[in-house]
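Shown next, in structure tokens, is the structure this report addresses.
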Amino acid sequence: MSTLTQKGTALKGGEFLIKETEANDIFIPEEWNEEQLMIAKSCHDFLTQNVWPILDRIDSQEEGLMVDLLNKAGELGLLSISVPENLGGFGKDFVTSMLVTEVLGKGYSFAVAMGAHTGIGTLPILYYGNEAQKAKYIPKLASGEWKACYCLTEPSAGSDANSGKTRATLSADGKHYILNGQKMWITNAGFADIFTVFAKIDNDENLSAFIVEKNFGGISLNPEEHKMGIKGSSTRQVFFNDCKVPVENLLSDRQNGFKIAVNILNLGRIKLAGGAVGGSKEIITKSVQYANERQQFGRPISKYGAIRYKLAEQAIRTYATETATYRVSQNIEDATKALIAGGMDEAKAKLKGTEQFAVEAAILKVHGSEVLNYVADEGVQIYGGMGYSAEAPMDRAYRDARINRIFEGTNEINRMLIVDMMLKRALKGELDLMTPAQKVAGELMSIPDFSTSERTLFSEEKKYIVNFKKAVLMVAGAAVQKLMQNLAKEQEVLMNLADMMIELYVSESLQLRVEKLVGMRGEEACKEQLEIMRVYINDAADRIQKSGKEAINSFAEGDEQRIMLTGLKRFTKTEPINTTAARRTIAAKVIAENKYCF
């Protein structure tokens, strides 16, 4: 089928660019089992009963309210889904924990507080703590008795986290580290009992990490930040003034803090994508319900094509993000299980499994946050004037969505990381990008294959995906060869390459999901999903071509430029489809169901 792809078993992180995946090798949300669906319902019921009725009170940061909500979530076990049973949790797999993240992602500021507690607040200790540290802290964090936060960012150290100035010095008696410094944008700081704090010991080159209890003393907080959105989440600056931390509270090894921060961010990125999916679904449901109720010119506005386009496009992009998010979530789970089966410690295996798919996690962080932004923006537009009113739900959804493009590393940083991590893996010999890139370069000089083969239901889309991979390899290979050491400085080119990879990965994931779903339910039962796939891949081809063209024009000229632009056209060519009719089909289903229904 292709000169660059090959079939095989489960892929390693980043291999989506050079290998094929079979539809049956990915997990799709239509495969949730009964227990997972019950857990999802419990999460939804919690929001319905405890969160959604009091959103204004949450946003006003009513004293003790968020703490009370976290306590209730702890009583129901929602804070301990992925915590091992021997430490007071349910010990569920990564995919199930992602489902919880998705459903609770509909919880606005509560979702932020809970995500910070269960993710970056708890996981550093769970994955890097020694047995004594885990035994002391994890059960109380899992139950909600203690609340957690994560102190990494400083006024002069944001994306460049390792440049932080917070310092730890060993006391004269050798029993304590004396912590001094300032942290900012710390979620849950206003009520946290446990702080995971990153600081450099003396003049170390790299950060170390410490488990700091609030009652150690020497900790002071600035007032709550006034934010654009997520107003109900506690966000404060934290100051450490001669804070005495017992030496046994050093987390992991000295100077291992930066590695901890990076690995926890990998988890945070894919979890953010899950939360964005949940938020997007909730906004779509509110959008279609309003569109069905709102009358203009004697008809519900859901009858009009312009509104139907918006509802369809909201659904298309959300379904695509969901698809890719759970594909990589299962990849992480499978990689973790394989490492455990090979004799690796469970905590280390979970970190290694996530680290292996750091490229995909960054891809989904970017895609998920930008889809949520799009969905929220169009939600405001569907509501019209009411969308701009604080009395209607889109006001909060729009403001709260914006932070996700900044959280867990800005989308610009993540785009650069996508390319950087792929190239580093190639240099280490973990990914053979050179061989397929050279094949594609050779293909540019050959006569195109105009032969036709028998078309099957997915043959066209599969061909497009193969060609998308060729487009990425062609542009990336030429950029590396042409720019060499200067590529890292050419951020616009890196952004172009990242956008091409993002569209490729999401398109392939979507094609595989729909193919698997058709195999389970039959073609007729999946007509809307087939249209979602066709529209998304058709539009992705245009986006890949645009990004590729911008990149090529920035570093190539003359015959080389013309040859590559011709190749790019060839690799992003798709057959014409009636996207208007397809979107109408998708919108009709959402409108009839009066909710997001895919």
Legend entry - Stokes-Einstein diffusion coefficient of the chain, Kirkwood radius over Cα pairs, 10 °C, 1.306 mPa s, in µm²/s: 63
Legend entry - Inter-centroid distance (Cα atoms) of the range 514-533 relative to the range 311-369, Å: 23
Legend entry - Dipole magnitude of the chain, debye to nearest 20 (Cβ charges: Lys/Arg +1, Asp/Glu -1, about Cα centre): 700
Legend entry - Between helix 346-356 and the chain: long-axis angle, C-alpha atoms, 0 to 90°, nearest 10: 40
Inset, instruction - Would you work out which of 155, 166, 246 lies farthest towards the positive end of the dipole of the range 149-251, given +1 charges on the beta-carbon of Lys and Arg and -1 on that of Asp and Glu, about the Cα centre? - result: 155
Inset, instruction - Note the angle between two axes, namely the Cα long axis of helix 491-521 and the longest principal axis of the Cα atoms of the chain, as a number of degrees from 0 to 90, rounded to the nearest 10. - result: 80
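Which loop-located GluC sites (Glu not before Pro) does the range 268-318 contain, where loop means any DSSP state but H, G, I, E or B and the Cβ has at most 10 other Cβ atoms within 10 Å? Provide the component values of the computation, followed by the final result.
Details: sites: 282, 293, 313; in loops: none.
Within the range 268-318, no GluC sites (Glu not before Pro) qualify (loop, at most 10 other Cβ atoms within 10 Å).
Just in the range 165-212: which chymotrypsin sites (Phe, Trp or Tyr not before Pro) are loop by DSSP and have at most 14 other Cβ atoms within 10 Å?
Working: sites: 177, 185, 191, 195, 198, 210; in loops: 191.
For chymotrypsin sites (Phe, Trp or Tyr not before Pro) across the range 165-212 that sit outside H, G, I, E and B with at most 14 neighbouring Cβ atoms in 10 Å, the list is empty.
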Inset, instruction - May I have the pair-distance distribution P(r) for the range 149-251, computed from all Cα-Cα distances with 5 Å bins from 0 and rounded to whole percent? - result: 3, 14, 25, 25, 18, 9, 4, 2, 0, 0
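Can you tell me which of 368-377, 211-220 comes out highest on packing, and rank the rest after it, using the mean Cβ neighbours within 10 Å?
Details: 368-377: 24.1, 211-220: 16.9.
Answer by packing, highest mean first, reads 368-377, 211-220.
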Inset, instruction - Please work out the Kirkwood hydrodynamic radius for the range 29-148, using every pair of different C-alpha atoms, and report it in angstroms with one decimal place. - result: 14.6
Legend entry - Per-residue HN-Hα couplings for the range 293-303 [Karplus 6.51, -1.76, 1.60; θ = phi - 60°; Hz; x = Gly/Pro]: 8, 6, 9, 9, 6, x, 9, x, 5, 5, 7
Inset, instruction - In whole angstrom, note down how far apart the Cα centers of the range 57-134 and the range 166-189 are. - result: 25
Inset, instruction - Round to the nearest 10 and give me the degree value, 0 to 90, for the angle of helix 411-427's Cα axis relative to the longest principal axis of the chain. - result: 80
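Read-outs throughout are calculated quantities, based only on the coordinates presented, and are distinct from any laboratory measurement. Being a predicted model, the structure only gives us computed values, none of them experimental. Note that each Cβ is placed from the backbone with ideal geometry, even for glycine, and that neighbours are counted across all protein chains shown.
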